[in-house]
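*Asks:* The structure's right below; bear with me while I get my questions together.
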C-alpha cells in the first residue's frame, strides 16, 4: 500500500474529528448559556490575571466549559485590556458576549449624584444609599487628609474636598477608592482653574467657596457674595455668616434646626461673628460655581447682604442701609408668618 493511500486512510478520520471538535467549539461559543433572566455579578480584583479571571467567571457558572472558554480567550482575548472591577451579566449569555465584555472592559457602573454643599457625613450617607459601601467606612476614609495633603498641608480631613458631581462608579471599588475619585475631581478642577489665578491658595479658596455655597443657591449672586467676603477680609471685618455657626453646632450635635440670637455667641473657632477672618476649615463641599466665584469674585463696594426670603439677597454698602433692609424683610417675614 502506497504512502499516499495510507495518509488518506488515516488522515480523513483525523480531519473529520478536528472538524467536529471545531464545530462543537463554534457552537459552544455562539450558544447562550444560563438561566433566563438570571443576573450574575463577578468581581475581578485588581492585579488579577486572565487565568484567575476565567476561574472567577467559571465559579459563577457563566459558561459550559472552562477549557472551551480558556481556548476562546487564548485565541481572541485581550489580556492587556482586562480591567479589574465588577461585571454584570444577564443570562442567557454566550461565551463570545462574555469575552466581548472583558475585552472592552465594560464594567457594571452605578450612577450617583453628590449634591453641592454636603458635609463628609452627608456625602457618606448618599454614597451608602447608592449601595456603594458602608457609611462608616466612607466617613473613616474621608477623615484621612492624605489625598489632599500635598495641596493643603493644613487639612485635618477631607471636608470641602469631596467634589459635588454625578459619577459612574464601579460597585467593586473600596470606600477609600471611591473617596479618592471625588477628591481627584476636585484636584482636576483646581489644576485647570488655578491657571487663571496662580496666586490663590487652594485651602482659602475652598473655605470661602463653602461659605458662598451655604449662603445662596442663586448662581447670579455667588460672585457678589464672594466679593462681600473679600471686602470684609481686606479690612479685618468679621464675616458674620450664619452657616458657620450652624456647622459648628451640628458638629457638636447641638443645632436645633433654627438659628437664634443667642447662637451668635456660640463658642467655636468656626463662629465668624466672634472670630475675624476665615473659619478654620471648609464647612461643606462647594460646587464648581461657588469655587469659581471664590477664585473670581465680583468686584463691588458692598459689605453687607441680607436674605429677601425668596432665595435672593439685598446688598448694601453701609450698615445703615443694611439695617433698613433687615427691618424691611423681618417685618415681611412676620407678616407672612414665615418666622
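The values are calculated or read from the model by the stated rules, or taken from the named source; none is laboratory data. Treat the numbers as computed from the prediction; the structure is a model and nothing was measured. All Cβ positions, even for glycine, are placed from backbone atoms using ideal geometry, and neighbour counts span all protein chains on display.
*Asks:* Do we have any residue at all in segment 131-147 that's modelled with pLDDT under 95, farther than 30 Å from residue 305 by Cα and surrounded by 17 or more Cβ atoms within 10 Å (Cβ to Cβ)?
*Replies:* Taking every residue of segment 131-147 in turn, at least one turns out to be modelled with pLDDT under 95, farther than 30 Å from residue 305 by Cα and surrounded by 17 or more Cβ atoms within 10 Å (Cβ to Cβ).
*Asks:* Taking segment 251-302 as the region of interest, how many residues are under 18 Å from residue 119 (Cα atoms), in a helix (DSSP H, G or I) and touching a residue at least 24 places away in the same chain (Cβ under 8 Å)?
*Replies:* Of the residues in that region, 4 qualify.
*Asks:* Report, by residue number, each residue of segment 104-118 that is part of a loop (DSSP other than H, G, I, E, B) and either within 16 Å of residue 160 (Cα to Cα) or within 12 Å of the chain's Cα centre (by Cα) (or both). I'd like the intermediate steps shown before the answer.
*Replies:* In the first step, residues of segment 104-118 are kept if they are part of a loop (DSSP other than H, G, I, E, B); the result is 105-108, 114-117.
Once the filter is applied, which keeps residues that are part of a loop (DSSP other than H, G, I, E, B) and either within 16 Å of residue 160 (Cα to Cα) or within 12 Å of the chain's Cα centre (by Cα) (or both), segment 104-118 yields 114, 115, 116, 117.
*Asks:* Anything in segment 133-152 that is in contact with a helix residue (DSSP H, G or I) (Cβ under 6 Å, 6 or more places away or on another chain) and within 14 Å of residue 175 (Cβ to Cβ)? List them, or say none.
*Replies:* Hits for segment 133-152 are 133, 135, 137, 138, 139, 141, 142, 147.
*Asks:* So, in segment 231-240, how many residues would count as being under 20 Å from residue 306 (Cβ atoms) and either part of a loop (DSSP other than H, G, I, E, B) or in contact with a helix residue (DSSP H, G or I) (Cβ under 8 Å, 6 or more places away or on another chain) (or both)?
*Replies:* Our first condition is that a residue be under 20 Å from residue 306 (Cβ atoms); within segment 231-240, this holds for 231-233, 235, 237-240.
Filter once more, so that each one left must be either part of a loop (DSSP other than H, G, I, E, B) or in contact with a helix residue (DSSP H, G or I) (Cβ under 8 Å, 6 or more places away or on another chain) (or both): 235, 237-240.
Selection size over segment 231-240: 5.
*Asks:* Mind telling me which of the residues 297, 243, 269, 280 ends up being touching a helix residue (DSSP H, G or I) at 6+ places or on another chain (Cβ under 6 Å) and closer than 24 Å to residue 157 by Cα? Before the answer, list the steps.
*Replies:* Numbers: 297 fails: closer than 24 Å to residue 157 by Cα; 269 fails: touching a helix residue (DSSP H, G or I) at 6+ places or on another chain (Cβ under 6 Å); 280 fails: touching a helix residue (DSSP H, G or I) at 6+ places or on another chain (Cβ under 6 Å).
When all the criteria are applied, what remains is 243.
For (1) modelled with pLDDT under 85; (2) in contact with a strand residue (DSSP E or B) (Cβ under 8 Å, 6 or more places away or on another chain); (3) at negative phi, each residue gets a yes or a no:
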position: 67; (1), (2), (3): no, no, yes
position: 81; (1), (2), (3): yes, no, yes
position: 92; (1), (2), (3): no, yes, yes
position: 95; (1), (2), (3): no, yes, yes
position: 99; (1), (2), (3): no, no, yes
position: 106; (1), (2), (3): yes, yes, yes
position: 119; (1), (2), (3): no, yes, yes
position: 125; (1), (2), (3): no, no, yes
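*Asks:* Among the residues of segment 29-47 satisfying the criterion of being within 17 Å of residue 65 (Cβ to Cβ) and part of a loop (DSSP other than H, G, I, E, B), which is farthest from the chain's Cα centre (by Cα)?
*Replies:* Within segment 29-47, the match that is farthest from the chain's Cα centre (by Cα) is 31.
*Asks:* Now for a different question. Any residue at all in segment 187-199 that's assigned by TED's automatic domain parsing to the domain that holds residue 135, out of contact with any helix residue (DSSP H, G or I) (no Cβ under 6 Å at 6 or more places or on another chain) and closer than 28 Å to residue 87 by Cα?
*Replies:* Yes, there is a match, as at least one residue in segment 187-199 is assigned by TED's automatic domain parsing to the domain that holds residue 135, out of contact with any helix residue (DSSP H, G or I) (no Cβ under 6 Å at 6 or more places or on another chain) and closer than 28 Å to residue 87 by Cα.
*Asks:* Now a separate question. From the list 324, 330, 232, which one is crowded, with 20+ Cβ neighbours inside 10 Å and more than 28 Å from residue 115 (Cα to Cα)?
*Replies:* Result: 232 is the single residue among 324, 330, 232 that is crowded, with 20+ Cβ neighbours inside 10 Å and more than 28 Å from residue 115 (Cα to Cα).
*Asks:* Now for a different question. Taking segment 160-204 on its own, how many of its residues are in a strand (DSSP E or B) and either surrounded by 14 or more Cβ atoms within 10 Å (Cβ to Cβ) or more than 11 Å from the chain's Cα centre (by Cα) (or both)? Steps first, please.
*Replies:* Within segment 160-204, the first condition is being in a strand (DSSP E or B), and the residues that meet it are 166-170.
Those still in the list that are either surrounded by 14 or more Cβ atoms within 10 Å (Cβ to Cβ) or more than 11 Å from the chain's Cα centre (by Cα) (or both) too: 167, 169-170.
Residues in segment 160-204 being in a strand (DSSP E or B) and either surrounded by 14 or more Cβ atoms within 10 Å (Cβ to Cβ) or more than 11 Å from the chain's Cα centre (by Cα) (or both): 3 in total.
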